[in-house]
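For reference, the structure discussed in these notes is given below.
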Amino acid sequence: AREFKLVANNLFTKRVNFYSTDGGGSRLEGKVALITGGASGLGKATAYEFIQSGAQVIIADIDSQLGIQVAHDLGHAAHFVHCDVAVETQVEKVVEITMARHGKLNILYNNAGINGPSIPPSITDLDLDEFDRVMRINVRGIIAGIKHAARVMVPIGSGSILCTSSVSGLMGGLGPHPYSISKFTIPGIVKSVASELFQNGVRINCISPGPIATPLSVTQLAKFYPGATEEQVVDIVNGLAELKGTKCEEVDVAKAALYLASDEAKCITGHNLVVDGGFTSFKNFKF
Ligand code: NAD
């Protein structure tokens, strides 16, 4: 019994050390993270959070001007690479560049996404070419990211992949059909590959944020309120979030991403973490 106690105590001490060594600022020390759509909004906030926690970050985005500026502002731990996630060869290339620069890829955050068409009120008016365009970026882009990140993570037996879904992927009526359908797909992708990847030491999870005022949500909502100024639309997005719960900000998503990316979440995979301040927990929500 005494031997058992000693062993248990040792294990406990090891566990406590495991969880308390970071001190908040080094949870990703020595890790290399690739963030798609990292030039703006949630991706940018996450890049900042990851760097604060000790990571080196590659920002992959289709917007080179913004990406270069953001990487510059984030300092020497950030590096920008142009990448359109809809083009598989570009996703493959950004992984190659990351490996050439850092020799490893520990975290991939598949975060790039678009809204697609403005306000298609009815499925009967759906433009299938437009649907394909949204799926190419929001879904196919994520699958390409998983494929190419897994190719370098699986051989070393570790890695954490994150994807951004949305509350629009939890309930209908929260955005245009192509966007909503694309976001519903993401937790399914995560579930589909989680078991295979976990056997190889790689975890995959997604995050479903509620409304947060970023260029994506503001341009989308602006279409519902023609004539409103950008400031007014930002107020509307913030109001939507506040209406049904605690207002969430980019940093709340970034903190969730940090947790899932870190070794603290070493047993969490195939999960959809909702970061919406209660937004989807209330009924009778209407735009
Ligand atoms: P954002 O517009 O601030 O950022 C999106 C970034 O993705 C931009 O920098 C853009 O240039 C980039 N991007 C777009 N298409 C790309 C492509 N083909 N290849 C590479 N990069 C591309 O928007 P955001 O709100 O930060 O959105 C990030 C993710 O969060 C998206 O997947 C979005 O659907 C999701 N999301 C946002 C909200 C919200 O309210 N803001 C809520 C739920 C989910």
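List of remarks:
- Across region 159-171, the number of residues qualifying as away from the ligand (no atom under 15 Å from the Cβ) and surrounded by fewer than 20 Cβ atoms within 10 Å (Cβ to Cβ) comes to 0.
- Only a single criterion out of (1) part of a helix (DSSP H, G or I); (2) farther than 27 Å from Ile181 by Cα; (3) within 16 Å of the ligand (Cβ to nearest atom) is not satisfied by Arg101, namely (3).
- Among the residues of region 69-93, the ones that are closer than 25 Å to Val139 by Cβ and assigned to a loop (DSSP other than H, G, I, E, B) come to 5 in all.
- Of residues in region 50-65 being more than 6 Å from the ligand (Cβ to nearest atom) and surrounded by 24 or more Cβ atoms within 10 Å (Cβ to Cβ), the one farthest from the chain's Cα centre (by Cα): Ala55
- Residues located in region 142-170, provided they are of a type outside the set (A, V, I, L, M, F, W, C), more than 21 Å from Ala55 (Cβ to Cβ) and touching a strand residue (DSSP E or B) at 6+ places or on another chain (Cβ under 7 Å): Ser165, Ser166, Gly169
- Some residue of region 113-122 being closer than 30 Å to Ser53 by Cβ and more than 10 Å from the ligand (Cβ to nearest atom): no
- Taking the criterion of being over 11 Å from Ala77 (Cα atoms) and either surrounded by 24 or more Cβ atoms within 10 Å (Cβ to Cβ) or more than 13 Å from the ligand (Cβ to nearest atom) (or both), the residues of region 32-49 that qualify are Leu34, Ile35, Thr36, Gly37, Gly38, Ala39, Leu42, Gly43, Lys44, Thr46, Glu49.
- Residue list for region 92-102, restricted to those being without any contact (Cβ under 8 Å) to a residue 12 or more places away in the chain and of a type outside the set (D, E, K, R): Ala100
- Considering region 219-270, and only residues there that are hydroxyl-bearing (Ser, Thr, Tyr) and within 24 Å of the chain's Cα centre (by Cα), the residue that is modelled with the lowest pLDDT turns out to be Thr246.
- Qualifying residue in region 45-68 (condition: in contact (Cβ under 8 Å) with a residue 60 or more places away in the chain, out of contact with any Leu (no Cβ under 9 Å at 6 or more places or on another chain), in a helix (DSSP H, G or I) and of a type in the set (Gly, Ala, Ser)): yes
- Tally of residues being over 22 Å from the mean Cα position of the chain (by Cα) and surrounded by 17 or more Cβ atoms within 10 Å (Cβ to Cβ) across region 113-158: 1
- Verdict on Tyr225 being more than 15 Å from the ligand (Cβ to nearest atom), within 25 Å of Ser26 (Cα to Cα) and either without any contact (Cβ under 8 Å) to a residue 24 or more places away in the chain or of a type in the set (Lys, Arg) (or both): no
- Entirely in region 119-227, the helices (runs of 4 or more DSSP H) that have 3 or more residues that are of a type outside the set (Val, Ile, Thr) and more than 27 Å from Lys247 (Cβ to Cβ): 128-135, 141-153, 177-198
The values are calculated or read from the model by the stated rules, or taken from the named source; none is laboratory data. Here the structure is a predicted model, which means the values were calculated and not measured. Quick reminder, even Gly has a Cβ in these numbers, built from the backbone with ideal geometry, and neighbours come from all protein chains shown.
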